[in-house]
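Since the structure comes first, as structure tokens, the remarks are kept for the end.
The values are calculated or read from the model by the stated rules, or taken from the named source; none is laboratory data. Quantities reported herein were computed from a predicted structural model and do not represent experimental measurements. Using ideal geometry, Cβ is built from the backbone for each residue, glycine included, and neighbour counts are taken over all protein chains shown. When the accessible area is computed, the model is the full protein with side chains, heavy atoms only, and any ligands, DNA or RNA have been set aside. Shrake-Rupley method; radii C 1.70, N 1.55, O 1.52, S 1.80 Å.
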Amino acid sequence: MTMTDITKLAALFLALNLLVFGVYFLDKQAARHGRWRKSERTLLMLALVGGSIGAVAAQQLLRHKTRKEPFRSVLTGILVMHGALTAVLIFAPQWSLYLLQSL
């Protein structure tokens, strides 16, 4: 993977998380003004497809859905899953080299 590819993926990841943060922001504004809201399922799906950092940032900074269970727990689970997946993707090449050396 080239540096250009990594830069493109990072930009895409950042854009997705900013988009998710924006959706959470708009939902918080709708809640404040008594307007139509996004469903919790939609908000969680946005987090699941890669926007978990933006979702958690919005939850903490905007104080949005901080007391709602199981929403809070599910969002935390998605964040942990994304962290574990990221760790596997980062360290998988080293693990495979280590496994090959031990054979």
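In a residue-by-residue description of segment 15-29, the property of being more than 14 Å from the chain's Cα centre (by Cα) and open to solvent by 70 Å² or more (accessible area, probe 1.4 Å) applies to at least one position. From the list A57, A11, the one residue that fits, being within 27 Å of L89 (Cα to Cα) and touching a residue at least 40 places away in the same chain (Cβ under 8 Å), is A57. Could you list, in sequence order, the residues of segment 47-72 that are open to solvent by 30 Å² or more (accessible area, probe 1.4 Å), modelled with pLDDT under 90 and either touching a helix residue (DSSP H, G or I) at 6+ places or on another chain (Cβ under 8 Å) or not basic (K, R) (or both)? Listed by number, the list holds a single entry, K68.
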